Structure formats: structure tokens, C-alpha cells
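Report on the structure given below.
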Amino acid sequence: MVVKIKDGIYWIGAIDWDVREFHGYETLNGSTYNVYLIRDEKNVLIDATKGYLFQELMLNLKSLIDPKEIDYIVVNHGEMDHTGSLEKLVKYTGAKVVTNERCREHLELQYNTEGWEFITVDDKEELEIGSRRLKFIKTPMLHWPDNMVTYAVEDKVLFSNDAFGQHLASSERFDYQFKDLELLFEETKEYFANILLPYRMLVPGVLETLKKLEIDYICPSHGVIWKEHVGEVLERYLEWSSDRYVNRAVIVYDTMYNSTKKMAHRIGEGLMDGGVQVKIYNLSNTPMNKIMRDILDAKYVLIGSPTLNSNIYPSVAKFLAYMEGLKPADKKIGVAFGSYGWMEMATGVIKSTFERLGFKVVEEDCLTCRFVPKEEHLSRCYEFGKRLAQMDL
Ligand code: FEO
């Protein structure tokens, strides 16, 4: 399948309906690896696909042009999901690779680049390809040191690579074709929360640069192309990078014999009755990336774990490591809770993580319980939740 974006510019990427795991990110809706073709005096590909999608990419490319007529392959970012097919692509087309110094280094460390011809570009440098100019804008650490975006100046098209993307396989290629716009923004938010969050402090500066450009289309390397909602997705990125929160509590737990689960639900009921929006997630059946989407702008994070073998429950330990790496905004309110048998060890681990993240930790006796919580204990959990909602923190 190929899709015309505007005269001379085409989507020729690959839709992966099957992918469910992306270095720890559970992609329940699949993903796409977007590649773009620009036809001019010089023919240009923007980015590539994962290695196993090479044949699909070639099929799409061949439907529009003889691959040997490709002059340049612009590589905005060296990660393998956009470069896995590059060795074959360079060999097959004979094209020059246009990228920045850092990305070139990353490519040389990942692939056999012997014989590749590189054109190394710097920030704001332009490359004429006939009637068009391509302008390269470095966006380091969003999310690798090598990231850049490419702007087709005359067409007002921004090829943004990972930025503004979503892990979303769909038959729709453009935002305006999507019936459920909020779902699209939720997927975009989830992507932001799991890929860009640790580097969000750099986002406002990049947005300032991008806002100086006239942008008709944002063409990311995953998911749908932004056309009707360009301004809105830029605004949402600004909002998600602001560290502002809403009155939401995310309660995350795992459980052995439902004791910690009972506590989670009763604390949640108290918070709800106190006027807080509540999301409760059991780690045994919820992808961590979905939870991080809601934690991004939540005021409260409550994490529950049983004590197992004098330690925190393994799934909770895994989640804490994942969350800490993503460095959600500090100033959130953190609550640790859980059931234990004879030695309580889990909540201390959770609280240490909260402290390292700069969360304000709230503690109460009712947040730990030996074996199974009786109704009296659960009532105290409920009252705690209700009080927490009213605390001036
Ligand atoms: Fe950072 Fe889609 O790769």
C-alpha cells in the first residue's frame, strides 16, 4: 500500500498488525514503521523500517519508482526500528545516507557500513533536491542523542520521526480519517509517557523552534499523519511536558491471595468518595505502559505489594524500576501499601523509590496489614482514602 500525502510525497511504510512487544512496551494495537518517498530531481527516502519488513518496503517503493533511482536516504534517528532494513536498502538502491554526525556514529556501531556514502548534515542545514529544500533540525535526546527532524520547506511537511508518533496499526493514515480522535490522542499520550517522558524538559524548546515553521503535515515514523490537528498535538506535547497534574489517583498493585487487592480497592473507594478520579490497575494483567500514561499527569500514585520471601513482589519491583527510569514529575503524592505474613518488607522499597523521584510520601498504620484484612481494617483503608483526597499537600 502506498498513500499520496501531496504532490511528490508518499507514505510507503509498513503496518505491523502483529507486534505486541516493543522493548518492554506492550503494543496491543500493533504499530507502523512509516517511510516516506519524496520525488524530485533527486529522489529521497525518509527513514526505513525494521529489518523483517524490508520486502514490504521494497514492494511499496517499486510500485512508485525503480529503487535504483533513489538518491538519498535521510536517517533521522539510528534506532533499529527505523534502520533495521538500511543495510539491504543501501545495497539495493546505491543511495547516499543523509544524517547527522551522531547518528552516523550510531549507524556505524550497529551495521556494516563499509562502502556507504554519507552526507553528514548539521543543525538547520539545508539540502536542495530540485524544486525542494530539506532542512534538518537536530532534536538531541528526544529521545536519543542522534534524533533530528526533517522539514520539507516548500511543502511545509515535517518528518518528525519518533516525535508525535503512536504505536497504532490502522488502515487510516491521517488524523482526520480517525473516527475516535480522543483514542488517537490517548495513544499519542501513551507513546509520550513511555518514550519521551524522561527528556520532557527539552520539549518546550523544540516546540518553540517548530512553531516558527509553517507546518501543514506532521509525518511521524509511527502511527498516523497529523493534518487537521497539527496545532493540537503540539499543544498537547507542551501540556504533557509541563509536569502539571490533574486530580487523579493511579493505584497500582499486585496480589497473592487478594489481601493487597482488597486494600487497593477500598482505598480507591475512599478517594473516589473524596472527589478524586481513580484508576486501579492490577500489574498481573495490565501493561506497564498503559499505567504510565495515566501516571504522567496524576496527582497521586499509590503502589501496593505483598511481601514475598522477605522482599517486594517481583512484578511490583519490575514496575518500580520501569517507572523510576521514566522519571515522572516530582511533587506527586506517593502512598505505599500491602499485606504481609510475619515481616513487612515491601512498602519500604516502594517508599524509597518515591523518595528518589521526589514524591511526597504519605504514611498511615492502616496501609500495611498482617495476612487478610478484616472489615475493620478495610474501613480504615477507606477512611484513609477519603482523608487523602482532602489533605492539603
Ligand atoms: Fe526511537 Fe521508533 O525509535
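The values are calculated or read from the model by the stated rules, or taken from the named source; none is laboratory data. These numbers come from a predicted model, not from an experiment. Neighbour counts run over all protein chains shown; Cβ positions are idealised from the backbone, glycine included. For the accessible areas, the whole protein counts, side chains as well, though only heavy atoms, and no ligand, DNA or RNA atoms are used. Shrake-Rupley method; radii C 1.70, N 1.55, O 1.52, S 1.80 Å.
Yes or no, residue by residue, for (1) among the hydroxyl-bearing types (Ser, Thr, Tyr); (2) assigned to a helix (DSSP H, G or I); (3) within 15 Å of the ligand (Cβ to nearest atom); (4) open to solvent by 10 Å² or more (accessible area, probe 1.4 Å):
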residue: Leu134; (1), (2), (3), (4): no, no, no, no
residue: His143; (1), (2), (3), (4): no, no, yes, yes
residue: Gln166; (1), (2), (3), (4): no, no, yes, no
residue: Ile195; (1), (2), (3), (4): no, yes, yes, yes
**Report entry** In the stretch 168-193, residue least open to solvent (accessible area, probe 1.4 Å) [restricted to those that are of a type in the set (Ser, Thr, Tyr) and more than 18 Å from Tyr237 (Cβ to Cβ)]
**Finding:** Ser170
Query raised in the report: Can you tell me which residue in the stretch 14-44 is nearest to Ile291 (Cα to Cα), limited to those that are among the polar types (S, T, N, Q) and in a strand (DSSP E or B)?
Result: Ser31
Query raised in the report: Which condition does Gln55 not pass, out of (1) in contact (Cβ under 8 Å) with a residue 24 or more places away in the chain; (2) of a type in the set (S, T, N, Q); (3) more than 16 Å from the ligand (Cβ to nearest atom), if it passes all the others?
Result: (1)
Requested in this report: Select from the stretch 76-100 the residues that are more than 13 Å from the ligand (Cβ to nearest atom) and surrounded by fewer than 20 Cβ atoms within 10 Å (Cβ to Cβ) and write down the one among them that is nearest to Asp123 (Cα to Cα).
Outcome: Lys96
Query raised in the report: Taking interchain pairs and intrachain pairs at least six residues apart, which have beta carbon atoms under 6 angstrom, with the first residue in the stretch 298-324 and farther than 19 Å from Asn194 by Cβ and at pLDDT 95 or above and the second in a helix (DSSP H, G or I) and open to solvent by 10 Å² or more (accessible area, probe 1.4 Å)?
Result: Ile312/Val349
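Which of the residues that make up the stretch 145-164 are among the small types (Gly, Ala, Ser), open to solvent by less than 10 Å² (accessible area, probe 1.4 Å) and within 16 Å of the ligand (Cβ to nearest atom)?
Just the residues of the stretch 145-164 that are among the small types (Gly, Ala, Ser), to begin with: 152, 160, 163.
After this cut, where a residue has to be open to solvent by less than 10 Å² (accessible area, probe 1.4 Å) as well, the list is 152, 160.
The answer is Ser160, and nothing else.
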Query - Within the stretch 207-315, helices (runs of 4 or more DSSP H) holding 2 or more residues that are among the acidic types (Asp, Glu), touching a Cys at 6+ places or on another chain (Cβ under 7 Å) and outside the structural domain of Lys332 (by TED's automatic domain parsing) - result: none
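Matching residues to (1) touching a helix residue (DSSP H, G or I) at 6+ places or on another chain (Cβ under 7 Å); (2) among the charged types (D, E, K, R); (3) within 25 Å of Lys331 (Cα to Cα):
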| residue | (1), (2), (3) |
| --- | --- |
| Ser171 | no, no, no |
| Glu182 | no, yes, no |
| Leu213 | no, no, no |
| Cys219 | no, no, no |
| Glu228 | yes, yes, no |
| Ser242 | no, no, yes |
| Val252 | yes, no, yes |
| Ser259 | no, no, no |
| Gln277 | no, no, yes |
Query raised in the report: Got a number for residues in the stretch 244-269 being in contact with an Asp or Glu (Cβ under 8 Å, 6 or more places away or on another chain) and either closer than 20 Å to Leu320 by Cβ or among the basic types (Lys, Arg) (or both)?
Result: 5
Report task. Taking the residues in the stretch 4-42 that are open to solvent by 10 Å² or more (accessible area, probe 1.4 Å), over 23 Å from Ile195 (Cβ atoms) and not acidic (Asp, Glu) as candidates, determine which candidate is farthest from the chain's Cα centre (by Cα). Result -> Lys42
Report task. Report yes if some residue within the stretch 192-200 is outside the structural domain of Tyr322 (by TED's automatic domain parsing), closer than 24 Å to Leu134 by Cβ and among the hydrophobic types (A, V, I, L, M, F, W, C); otherwise report no. Result -> yes
Query - Qualifying position, being basic (Lys, Arg), at pLDDT 95 or above and within 16 Å of the ligand (Cβ to nearest atom), among Arg236, Arg200, Arg248, Arg244 - result: Arg200
Query raised in the report: Quick one: in the stretch 101-132, which of the residues that are touching a residue at least 24 places away in the same chain (Cβ under 8 Å) and among the basic types (Lys, Arg) is surrounded by the fewest Cβ atoms within 10 Å (Cβ to Cβ)?
Result: Arg102
Query raised in the report: Does the stretch 45-65 include one or more residues that are open to solvent by less than 80 Å² (accessible area, probe 1.4 Å) and either part of a strand (DSSP E or B) or touching a Cys at 6+ places or on another chain (Cβ under 7 Å) (or both)?
Result: yes
Report summary line: Within the stretch 214-232, the count of residues that are in contact with a Phe, Trp or Tyr (Cβ under 7 Å, 6 or more places away or on another chain) and either open to solvent by 50 Å² or more (accessible area, probe 1.4 Å) or free of Cβ contacts under 8 Å to residues at least 12 places away in the same chain (or both) comes to 2
